[in-house]
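Data first, discussion second: the structure below is written as structure tokens.
The values are calculated or read from the model by the stated rules, or taken from the named source; none is laboratory data. Quick caveat: nothing in here was measured; it's all calculated off a predicted structure. Every residue, glycine among them, receives a Cβ derived from its backbone with ideal geometry; neighbour counts consider all protein chains shown.
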Amino acid sequence: METVLITGGTGFLATRVIAAAQEAGYDVRTTVRHTPVDGVPSVVADLTSDEGWDEAVAGCDYVLHVASPLPAAQPVHEDEVIIPARDGTLRVLRAARDAGVRRTVVTSSFAAIGYGHPETDRPFTEDDWTRPDADIAAYPKSKVIAEQAAWAFDRGAMELAVVNPTGIFGPVVGPRYASSIRILAGLLDGSMRAIPNMWFGMVDVRDAADLHLRAMTSLKAAGERFIGASGDAVSMAYIAQVLRERLGATTPTDLLPDEVVRELAETDDRMAELARNVGRIRHLSNAKARSVLGWNPRPTEDVIADTGRSLIEGGYL
């Protein structure tokens, strides 16, 4: 039986990747910062320290590096996000290479692809890279710098593949879920009274997990990156509409003018990233993952409905 290490085992995506790998018959272990994962051998290892990583990767055939530092608030300095993301990725790759791991799959992000560019109607693909020298937030900058460091790393005989998910949604099974889902929760719980003109890609967490396993096992995936998205970018107004039509939910219908968002950003740092992206449509293509890996994600409308239903039925609003 082949052994897979999946980092960040308590995270929303990693939890699904672990379940998918176990169902596929792999011997799975994971890393955690503190609390072990029930039913999965867990090694305490932090992305900011070398301790624990040699133990975590020992005897593994594959590593799926899903863990990623994501700040709860806007950092005082961007290096607070960039350095842990870059150095943590290199720390995992170094341990995996030295342990003779066959292939490592790194979870990057669409944020490493579609930011810092002039506005365009052309869909972004895996050939595009976010420009770290542009006026972008610390998070997308950290993702592109970390991924570029991974590709530049001397991997020896170890293969590398990268998955670049868009916003991760899908059924919620507990109070810990992806930060992107808070957007949808805000439409349902009444805390968002008007809808900003925001557009973004979506992917179901179950499909994202499946994409990771395909990137791990496909011969064609070595040396490649794959956008993980159910389809093209959608607007928050569309998400609210689907929630109304599919679930009978009460969601806002009023649109928040772009200029109001920009005015709020002048006095509220929490609105700064929203103001950077308001009105921006980053079209994208998932054609490569479909054609190369045979990936077949759920339609975006189903992703929205399944996410909303789980929030309502689970009492997480």
Quick one: is residue 301 more than 30 Å from residue 207 (Cα to Cα) and either free of Cβ contacts under 8 Å to residues at least 60 places away in the same chain or surrounded by 17 or more Cβ atoms within 10 Å (Cβ to Cβ) (or both)?
-> no
Outside any loop (DSSP other than H, G, I, E, B), without any contact (Cβ under 8 Å) to a residue 60 or more places away in the chain and among the aromatic types (Phe, Trp, Tyr), is that true of residue 151?
-> yes
Mind checking which pairs have a first residue in the range 21-42 that is touching a residue at least 60 places away in the same chain (Cβ under 8 Å) and a second that is surrounded by 17 or more Cβ atoms within 10 Å (Cβ to Cβ) and not in a loop (DSSP other than H, G, I, E, B), Cβ under 7 Å, 6 or more apart or different chains?
-> 21/4; 21/6; 21/28; 21/213; 24/213
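Yes/no matrix, rows are residues, columns are (1) of a type in the set (D, E, K, R); (2) within 16 Å of the chain's Cα centre (by Cα):
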{"residue": "92", "(1), (2)": "no, no"}
{"residue": "95", "(1), (2)": "no, no"}
{"residue": "99", "(1), (2)": "no, no"}
{"residue": "111", "(1), (2)": "no, yes"}
{"residue": "122", "(1), (2)": "yes, no"}
{"residue": "131", "(1), (2)": "yes, no"}
Sole residue being of a type in the set (D, E, K, R), more than 27 Å from residue 60 (Cβ to Cβ) and more than 15 Å from the chain's Cα centre (by Cα), chosen from 103, 193, 182 | 193
Kindly indicate whether residue 184 is modelled with pLDDT of 95 or more, of a type outside the set (Val, Ile, Thr) and not in a loop (DSSP other than H, G, I, E, B).
-> no
Mind listing whichever residues of the range 1-36 are out of contact with any strand residue (DSSP E or B) (no Cβ under 7 Å at 6 or more places or on another chain) and polar (S, T, N, Q)?
-> 15, 35
Pairs, please: C-beta under 6 Å, at least 6 apart or cross-chain, first residue without any contact (Cβ under 8 Å) to a residue 60 or more places away in the chain and in the range 236-250, second in a helix (DSSP H, G or I)?
-> 240/187
